Amino acid sequence: MSEQRDHVRDDGFDDWLDAIEDGEPYYLTCSEEHGFLPPRHVCPACGSADVEPAPLPATGILETFTVTSVSTPTFEDDAPYVVAIADFGPVRLTGRVVERDADDVEIGMTVEPDVVSSETSGERVLAFRWCSTSWCC
């Protein structure tokens, strides 16, 4: 990875990851209550440019997942890993399940969003942590 690439920032997406790390995750919503994620500035469902941030629910439900055993070079040192889609009410998020063996991941698990770094690239990625206690649920 070039040194210049290390300093490239995707303001909309990286701001969103920063908010998750700071414990203030959010999504965007329009006046029609469609939910979507940054860096969009226009609602993909209705085209409204009148959008506002709203607090992301603290937890979501794992809807589906897959185990990646052979990855692209971008994530080769991370494999094997689990990628999942979780329903957080107004939005669905795609992220990596962490701190769980692939055999222990189940549809219907309650998860909370987090941010981890790729072992291969060092870039931040959205992660899901299993929520096993009432304090996070």
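The values are calculated or read from the model by the stated rules, or taken from the named source; none is laboratory data. This structure is a prediction, so every number in the text was calculated from the model and none was measured. Positions of Cβ are generated from backbone atoms using ideal geometry, with glycine treated the same way; all protein chains shown enter the neighbour counts.
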| message | Could you list, ordered by first residue, the pairs with Cβ atoms under 7 Å in which the first is in the range 34-52 and under 19 Å from residue 89 (Cα atoms) and the second is small (Gly, Ala, Ser) and at pLDDT 95 or above, at least 6 apart or interchain? | response | 34/45
| task | Identify all residues within the range 10-52 that are surrounded by 13 or more Cβ atoms within 10 Å (Cβ to Cβ), of a type in the set (A, V, I, L, M) and either more than 13 Å from the chain's Cα centre (by Cα) or in the same structural domain as residue 83 (by TED's automatic domain parsing) (or both); write none if there are none. | result | 28, 42, 51
| remark: Of those in the range 56-99 that are surrounded by fewer than 18 Cβ atoms within 10 Å (Cβ to Cβ) and touching a helix residue (DSSP H, G or I) at 6+ places or on another chain (Cβ under 7 Å), the residue farthest from residue 26 (Cα to Cα) is 80
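Looking at 84, 54 in this structure, which one is touching a Pro at 6+ places or on another chain (Cβ under 8 Å) and closer than 25 Å to residue 12 by Cα?
Numbers: 84 fails: touching a Pro at 6+ places or on another chain (Cβ under 8 Å).
Among 84, 54, only 54 is touching a Pro at 6+ places or on another chain (Cβ under 8 Å) and closer than 25 Å to residue 12 by Cα.
Looking only at the range 53-71, how many residues end up being farther than 16 Å from residue 128 by Cβ and under 19 Å from the mean Cα position of the chain (by Cα)?
In the first step, residues of the range 53-71 are kept if they are farther than 16 Å from residue 128 by Cβ; the result is 53-55, 69-71.
Now restrict to residues that are under 19 Å from the mean Cα position of the chain (by Cα): 53-55, 71.
Here the count works out to 4.
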| Does residue 102 meet the test of being surrounded by 15 or more Cβ atoms within 10 Å (Cβ to Cβ), hydrophobic (A, V, I, L, M, F, W, C) and in contact with a Phe, Trp or Tyr (Cβ under 9 Å, 6 or more places away or on another chain)? | no
| Within the range 36-51, can one find any residue that is touching a Leu at 6+ places or on another chain (Cβ under 6 Å) and farther than 20 Å from residue 85 by Cα? | yes
